[in-house]
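Trainee: The structure under discussion is supplied below as structure tokens; questions concerning it will follow.
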Amino acid sequence: MSAKEFLDLADVPPEIEWFANITNPQTRRAYQNDLKDFMRFARITNPEVFRVVTRAHLIAWRKDLERRGCEGSTIRRKLSAVSSLFAYLCERNAVVHNPVQGVKRPKVTNANEGLTPALSDEQARLLLNAPSAETLKGKRDRAILATLLYHGLRREELCKLRVRDLQQREGMLHFRVHGKGDKVRYIPVGLKAQRLITEYLEAAKHKDDLDGALFRPVKNNITKTLAKHLHPDTVYQGIVKRYGAMVGINADVHGFCVHALRATAATNALAHNADGGVLNVEIRHLRKPTSLCFIGGKTSKSSRHLHFQNTTGHCLAYAS
């Protein structure tokens, strides 16, 4: 790095530095949209103007969001995004206080009732059995659905998995999952998921490509390249929504999406006596009340054709 480049970086405004330091693309996009909303309202055109923002500006913005009919959860998220920026500015001594502190945030109605739907045991089995067991695509899709339903991974986390992320730890196969905030966690792989992944890898013939993607496209009409990671939208539209429509789940479960499979994993874990510490490993919610809110604050009393092995072998396994 040249002396000029060094000095140029030293002059980067902390507002720009804060935004550049957000590594997760989804978080960066959400924060960008929320900050743009506030900047439009306050008519901020230069990042340095943030340094003269007061609590009164934030209260006026909150009232404007309420007038526009924004949900309480949306308003809370937007205020959190602006608060994150000011917390960083305080850390860099660019402002003397965080004006968001002290701004009352709206209560979220039914805070103990999660909005993400969870599938019943029967619906989960129908979804798992929807892909063909005879084709390469069907084997891949079964393995993907099992990974989502049994282990509660996000679709971005699933798409990032490499073959070498299947690792033996203390005699048990684990996923090495790269999650939000560049955090890494290890999740024991359920027996049925192991079987389906093994069948897929044997059919796809890339089990020895340790640095390659675990789940890959089965065809590529544009570049013909198959040795690459799936796109998260493919998992959502081409797999979860496609098979959900095939077995009627899309019509029966309002708001069915990949997140619903995470809710299903959490619901069934709690239904089989998992505690908050286990859910912290599986679902990455930091507190048990958060997990309870995520799954709707209650557990299913349905047929329970699955088991949850607590201790070292905790994993979900739906009956075939």
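Trainee: Once you place label points 7 Å from the Cα toward the Cβ at GLN26 and ASN221, how far apart are they in nm?
Mentor: Between GLN26 and ASN221, the label points sit 2.9 nm apart.
Trainee: If you take the beta carbon distance between HIS231 and ARG105 as r and set R0 to 35 Å, what does 1/(1 + (r/R0)^6) give as a FRET efficiency, to the nearest 0.05?
Mentor: It comes out at approximately 0.50.
Trainee: Taking 0.36 nm per residue of separation and subtracting the Cα-Cα distance, what length does fully extending ASP182 through GLN168 add?
Mentor: Answer, rounded to one decimal: 2.9 nm.
Trainee: Then there's this: Quick one: of LYS180/LYS228; LYS104/LYS183; LYS160/LYS192, which pairs are farther than 24 Å apart, Cα to Cα?
Mentor: Exceeds cut-off: LYS104/LYS183.
Trainee: How far apart, in nm, are two points set 7 Å out from the Cα along the Cα-to-Cβ line at ARG55 and at LYS241?
Mentor: Rounded to a tenth, the inter-label distance reads 4.4 nm.
Bear in mind that the values in this text are calculations on the coordinates, not laboratory data. These figures come from a predicted structure and were not determined experimentally. So basically every Cβ, Gly included, is an ideal-geometry build from the backbone, and we count neighbours across all protein chains shown.
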